[in-house]
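Chemist: Please see the structure below; I have some questions.
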């Protein structure tokens with residue numbers, strides 16, 4: 001593994017308490033090393049230390065793993081698509097740097113957020129640099145034998161995903177959680193669309209790009225794109241549920257960030273559909289107060305109204321869509337990994353988070 005110049009290892013899988021297990025994955029380990037190599041190649045430019053800080057506490061490496069496994073599932077070679085996989089992690093981390101600024105979060109995976117450590121101007125610039133580096137990495141796949149046409153298509157997919165992510169965050173910023181009974185169907189539709197844009201776009205792109213760069217046919221590309229989109233929405237629902245269903249500490253961002261910023265978490269939206277007027281009034285009062293201090297009361301309300309259970313049901317519906325999409329892929333070890341990932345991504349309790357039949361280890 002490389003370091004960020006301050007003794008901090010970069011790209012190394014770290015254990016986490018959010019229940020997902022990834023570190024034993026050969027793909028994740030390979031990507032982690034490649035990310036460290038990418039940073040070492042920077043040569044100590046003005047943003048190396050800042051980028052190294054952002055990359056020093058790696059996440060699940062879910063997006064690059066999805067890209068690599070999608071490519072392999074359609075017959076592609078891991079070595080040829082590895083630069084693009086690194087690019088997906090760089091883009092994801094860059095987006096998190098910007099998200100923390102937008103949300104005003106001071107911690108990221110238990111460490112000071114980049115803007116708190118280096119100041120907002122450098123954080124913005126480092127995030128920008130990571131985002132643009134993703135496109136550079138995809139282009140490098142051509143040097144490893146990927147046809148130019150496939151690289152061009154993958155770049156287009158990545159650009160569209162970036163645009164969708166920005167739109168999704170903008171939609172989220174304009175949303176104050178709806179708790180009134182009227183319009184709850186519309187609120188649920190708005191939630192799904194926001195999740196599709198903000199969270200699922202990059203997972204969909206990872207799978208679609210992997211299929212393109214791996215030489216998949218049109219039907220396989222469509223299938224993996226559909227898989228990634230459904231997986232992304234299920235993943236967002238899981239993230240919404242974790243503060244209420246997991247005994248593990250969340251290491252990605254402060255647990256009260258979404259509540260503090262009035263983000264449209266699905267269990268809260270569902271109170272409008274399932275709760276009576278008293279429940280909606282109670283939710284409004286809890287959100288107007290300090291949500292982190294009233295967490296137990298809020299969790300009890302979501303349990304009483306059935307919002308938690310219904311959110312889990314909806315997540316499983318998206319999980320089923322994932323399985324159905326993979327039916328268009330030939331059976332094999334890599335398509336099986338993609339199936340096993342569904343259980344890991346949709347698990348909302350620590351006891352359910354092990355992924356049987358894979359070498360995926362623990363990593364947030």
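Chemist: In the range 307-326, what count of residues is obtained for those that are in contact (Cβ under 8 Å) with a residue 12 or more places away in the chain and more than 13 Å from residue 268 (Cβ to Cβ)?
Modeler: Final tally of qualifying residues: 11.
Chemist: Just checking, which of 185, 201, 160 is touching a helix residue (DSSP H, G or I) at 6+ places or on another chain (Cβ under 8 Å), farther than 14 Å from residue 92 by Cβ and modelled with pLDDT of 95 or more?
Modeler: 160
Chemist: Additional query: Considering only the range 282-302, state which residues are part of a helix (DSSP H, G or I) and either in contact with a helix residue (DSSP H, G or I) (Cβ under 8 Å, 6 or more places away or on another chain) or touching a residue at least 12 places away in the same chain (Cβ under 8 Å) (or both).
Modeler: 282, 283, 284, 286, 287, 295, 297, 298, 299, 301, 302
Chemist: How many residues are in a helix (DSSP H, G or I), more than 21 Å from the chain's Cα centre (by Cα) and closer than 21 Å to residue 121 by Cα when one looks only at the range 28-58?
Modeler: Total satisfying the criteria: 4.
Chemist: Of (1) over 30 Å from residue 217 (Cα atoms); (2) touching a helix residue (DSSP H, G or I) at 6+ places or on another chain (Cβ under 7 Å); (3) at pLDDT below 95, residue 61 satisfies all except one. Which?
Modeler: Unmet for residue 61, out of (1) over 30 Å from residue 217 (Cα atoms); (2) touching a helix residue (DSSP H, G or I) at 6+ places or on another chain (Cβ under 7 Å); (3) at pLDDT below 95: (1).
Chemist: Oh, and also: Within the range 107-137, how many residues are within 19 Å of the chain's Cα centre (by Cα), outside any strand (DSSP E or B) and farther than 17 Å from residue 166 by Cβ?
Modeler: 5
The values are calculated or read from the model by the stated rules, or taken from the named source; none is laboratory data. Owing to the predicted nature of the structure, the values given are computational and were not obtained by experimental measurement. So basically every Cβ, Gly included, is an ideal-geometry build from the backbone, and we count neighbours across all protein chains shown.
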